[in-house]
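Accompanying notes for the structure given below.
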Amino acid sequence: FFQPGIPSRNYPLTPERNFELTRILAGFHAEAFDQRGQLYYTEESFDDFYVGKGSTYPDITGSVGILFEQASSRGHVQESINGLLTFAATIKNQFDASLSTIRGAVANRRALLSYQQEFFQSAAQQARAERAKGYILTESQDRSRLESLLQLLNQHQIAVYPLTSDWQYEQRTFRAGQSYYVPLQQTQYRLLKSAFSTDKNFNDNTFYDVSAWTLPYAYNIDFTEVNREPARAASEQPWQPQPRVRSQNLQAGGYAYVINWQDQLAPVMLQAMLAEGLIVRAALGDFTGTTPQGSRGFKAGAMVVPAGLQQHPDWFFRLQKVQERFNLPVYTLTTGLTNRGSDLGSNNFTPVKMPQVLVVAGPGVNSTEAGELWYNLERLAGISPTLAEPERLSRLNLSRYTHIVLPDGDYRGWKEAEVTQLRQWVQQGGVLWGQKRGAAWLVDAKLLQAGVWSTQEMNKLIPQNELRYADKEQLAGQQRIAGAIFSAELDLSHPLTFGIPRRELPVFKNSNLLLQPSQAPFVNVATYSAQPHLAGYTAGEYLPRIAQGAALVAHNLGQGRVIGMTDNPVFRGYFKGSSRLLINAMYLSHGFSASSQTEE
């Protein structure tokens, strides 16, 4: 296969001239393969829609991206429906396609250069014709997560302007210091428009890849489309990365030291503190403590380092070293008495242990999602998990691990022995996390006390009578949630949601599986909003059912915890908002207690 892709599934912001040039270049590929009778095809199987794909991203940034798909030989040689396919033949096809691309580009040099110039000229014209002027990003509690989004936009040459004074827009005040203006009228208009898109309706509803990738939703950053510029409220100079102002040096002799849990860097800083042997307790509720500067409030999830519990003589030096590395504020408390909330010696401050995490990966497990979990645990929590293949589980000493994570996968090969092994491990204090088919298997194994609406049950919601054979592909597209964004409503009092700033959390769904809410109290950590659909394509027949579903359930099993989610909280490694649910499970799972049984 080589592009052009399926014409009805082209990304609408890509200029038509791009597809014309792609078809011209396809003639050069066809000529190269015709000369030696090599079979090929175009305009089937693959779309040109998802901007995060390697062949579509160039299209939205002024280039002509071309996808080549070569069937694998799965080794040196493989039998195929067209005879033997050798590794050498696959290399030859890729090599010939590379040379034909060069020949086509040279032959159309002037057209390609003209196209790039026209691309940015037409982008400027379209930006001026927009009703909206741009977007306001705002985040008051998590500077690191906000700046990671600003850094990504800056990396792609999208200018963002800080608000230097408060700005009123439609009865809402955007605060200086935590709000930023992103104008649509700029060189990367098309990429910006795509990154902030919340489209739900499309000409063709069949997608090879995802249909929504809204960056502010992925980062859980509040954003608002605005129809006028903030005028003098915005800086004249765009935001640029700046070194953080150094936090004040820690004051020795404190009763305890506290870090806030809201910041994206807090979990990886906590992990470093635990690695240094520091004893840490997590606040299970808001409290107000006394600092040398006066009273200061702390949200639930704040991490407290009590001086009197430390075991290492040089513990204060170790704490200083960690603070200097991450440069997050560490607040000194002068007394264990609080002005509001539980005192520091209360059981409402729970011990935090260093997680030892096992991620199941290998045959039968979705390797992409296993990698996404691994990446997020390392990057956002500093945890280096152990990876083990499913068939090795029965031979492992599970007592070495505090957490086991089941990514999306097929676990039906596990028999009663593995179920018993996992049950006993959880009952002795382990934390078991399953997502998508991993969560569905936990339900089937009666480890997670919840119900699941299966893919088959969801598919039945879409009428299938009086369909022709020609409608088969369209039906498959309707039934598939290829990748859309939904709104979940959190119980912000639950430890698994600590540090998340708002009750509404965007989550990414690329599976038809759906958890049913538990009838037991305190088990539904997150349910879907009444109007859950935020972006991307999902058949209208699914939406009422999704609105009835649970996004995250968690309960006790013996001394341990079982947690299930049928979405992917760490999709492609960039859904940094919902990833906090996974990270909280690593540190705060023993901060909650919820029976899976309803009380009669």
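The values are calculated or read from the model by the stated rules, or taken from the named source; none is laboratory data. Quick caveat, the model's predicted, so the values are computed rather than measured. Every residue, glycine among them, receives a Cβ derived from its backbone with ideal geometry; neighbour counts consider all protein chains shown.
When you scan the stretch 131-141, how many residues do you find that are surrounded by fewer than 14 Cβ atoms within 10 Å (Cβ to Cβ) and more than 30 Å from Lys299 (Cα to Cα)?
Adding up the residues that qualify gives 1.
Report the residue count in the stretch 70-118 for those that are hydrophobic (A, V, I, L, M, F, W, C) and in a loop (DSSP other than H, G, I, E, B).
So the answer is 2.
Looking only at the stretch 406-437, filter to residues that are touching a residue at least 60 places away in the same chain (Cβ under 8 Å) and part of a helix (DSSP H, G or I); which one of those is surrounded by the fewest Cβ atoms within 10 Å (Cβ to Cβ)?
So, considering only residues that are touching a residue at least 60 places away in the same chain (Cβ under 8 Å) and part of a helix (DSSP H, G or I), the one surrounded by the fewest Cβ atoms within 10 Å (Cβ to Cβ) is Gln427.
Residues in the stretch 270-281 that are surrounded by fewer than 21 Cβ atoms within 10 Å (Cβ to Cβ), within 13 Å of Phe326 (Cβ to Cβ) and not small (Gly, Ala, Ser): how many?
1
Give the stretch 70-101 a look and list any residue that's of a type in the set (A, V, I, L, M) and within 24 Å of Glu44 (Cα to Cα), or say none.
Ala71, Ile81, Leu84, Leu85, Ala89, Ile91, Ala97, Leu99
Yes or no: Val106 free of Cβ contacts under 8 Å to residues at least 24 places away in the same chain, loosely packed, with under 11 Cβ neighbours inside 10 Å and over 36 Å from the mean Cα position of the chain (by Cα)?
Criteria met by Val106.
Anything in the stretch 532-551 that is farther than 26 Å from Phe49 by Cα and either in contact with a Leu (Cβ under 6 Å, 6 or more places away or on another chain) or surrounded by fewer than 20 Cβ atoms within 10 Å (Cβ to Cβ) (or both)? List them, or say none.
Pro544, Arg545, Ala547, Gln548, Gly549, Ala550
So which strands (runs of 3 or more DSSP E) stay within the stretch 168-234 end to end and still have 2 or more residues that are touching a Lys or Arg at 6+ places or on another chain (Cβ under 8 Å)?
222-226
If you take the residues of the stretch 171-192 that are surrounded by fewer than 19 Cβ atoms within 10 Å (Cβ to Cβ) and touching a residue at least 24 places away in the same chain (Cβ under 8 Å), which of them is nearest to Phe508 (Cα to Cα)? Show your work before the answer.
As a first pass, look at the stretch 171-192 and keep what is surrounded by fewer than 19 Cβ atoms within 10 Å (Cβ to Cβ): 171-173, 175-178, 185-187.
Now narrow it down to the ones that are touching a residue at least 24 places away in the same chain (Cβ under 8 Å): 172, 175-176, 178, 185-187.
Working: Arg172: 28, Arg175: 29, Ala176: 30, Gln178: 26, Gln185: 29, Gln186: 29, Thr187: 29 Å.
That would be Gln178.
Has the stretch 295-308 got any residue that is outside the structural domain of Gly577 (by TED's automatic domain parsing) and on the phi > 0 side of the Ramachandran plot? Walk me through how you get there before you give the answer.
Here is the first cut: in the stretch 295-308, the ones outside the structural domain of Gly577 (by TED's automatic domain parsing) are 295-308.
Checking the rest, the ones that are also on the phi > 0 side of the Ramachandran plot come to 301.
Yes - at least one qualifying residue is present in the stretch 295-308.
For every residue, the table says whether it meets (1) loosely packed, with under 14 Cβ neighbours inside 10 Å; (2) touching a residue at least 12 places away in the same chain (Cβ under 8 Å); (3) in a helix (DSSP H, G or I).
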{"residue": "Ser384", "(1), (2), (3)": "yes, no, no"}
{"residue": "Ala439", "(1), (2), (3)": "no, yes, yes"}
{"residue": "Met458", "(1), (2), (3)": "no, yes, yes"}
{"residue": "Lys472", "(1), (2), (3)": "yes, no, yes"}
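Does Leu514 fit the bill of being under 16 Å from Ala450 (Cα atoms) and in the same structural domain as Ala439 (by TED's automatic domain parsing)?
yes
Under 9 Å by Cβ, and 6 or more places apart or on different chains, what pairs join a residue from the stretch 144-159 that is assigned to a helix (DSSP H, G or I) with one that is acidic (Asp, Glu)?
That search, which allows pairs on different chains as well, returns Ser144/Asp263; Arg145/Glu139; Arg145/Asp263; Leu146/Glu139; Leu149/Glu139.
Out of all the residues in the stretch 48-71, is one or more more than 29 Å from the chain's Cα centre (by Cα) and either in the same structural domain as Gln188 (by TED's automatic domain parsing) or over 28 Å from Ser8 (Cα atoms) (or both)?
No: zero hits.
For every residue, the table says whether it meets (1) touching a helix residue (DSSP H, G or I) at 6+ places or on another chain (Cβ under 7 Å); (2) modelled with pLDDT of 95 or more.
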residue	(1), (2)
Arg23	no, yes
His29	yes, yes
Arg36	no, no
Tyr50	no, no
Glu79	no, no
Ala97	yes, yes
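Do any strands (runs of 3 or more DSSP E) lying entirely in the stretch 492-588 carry at least 1 residues that are among the basic types (Lys, Arg) and at pLDDT 95 or above, and which ones are they?
504-509, 560-565
Do we find a residue being in contact (Cβ under 8 Å) with a residue 60 or more places away in the chain, in the same structural domain as Gln435 (by TED's automatic domain parsing) and closer than 20 Å to Asn220 by Cβ anywhere in the stretch 518-529?
Scanning the stretch 518-529, I find no residue that is in contact (Cβ under 8 Å) with a residue 60 or more places away in the chain, in the same structural domain as Gln435 (by TED's automatic domain parsing) and closer than 20 Å to Asn220 by Cβ, so the answer is no.
Out of all the residues in the stretch 517-531, which are within 23 Å of the chain's Cα centre (by Cα) and of a type outside the set (A, V, I, L, M)?
Selection gives Pro517, Asn524, Thr527, Tyr528, Ser529, Gln531.
If we scan the stretch 551-567, do we find a residue that is under 15 Å from Ala484 (Cα atoms) and touching a helix residue (DSSP H, G or I) at 6+ places or on another chain (Cβ under 6 Å)?
Checked against the condition, which is being under 15 Å from Ala484 (Cα atoms) and touching a helix residue (DSSP H, G or I) at 6+ places or on another chain (Cβ under 6 Å), the stretch 551-567 yields at least one hit.
Can you name every residue in the stretch 37-64 that is without any contact (Cβ under 8 Å) to a residue 24 or more places away in the chain and either more than 16 Å from Thr101 (Cβ to Cβ) or in a loop (DSSP other than H, G, I, E, B) (or both)?
Hits for the stretch 37-64 are Gly37, Gly54, Tyr57.
For the stretch 387-403, give me the residue count where each residue is part of a strand (DSSP E or B), farther than 17 Å from Val419 by Cα and more than 21 Å from the chain's Cα centre (by Cα).
0
I need every pair where a residue in the stretch 244-258 that is at pLDDT 80 or above has its Cβ under 7 Å from the Cβ of a residue that is surrounded by fewer than 13 Cβ atoms within 10 Å (Cβ to Cβ) and part of a loop (DSSP other than H, G, I, E, B), sequence separation at least 6 or different chains.
Listed pairs, sorted by first residue: Gln251/Pro292.
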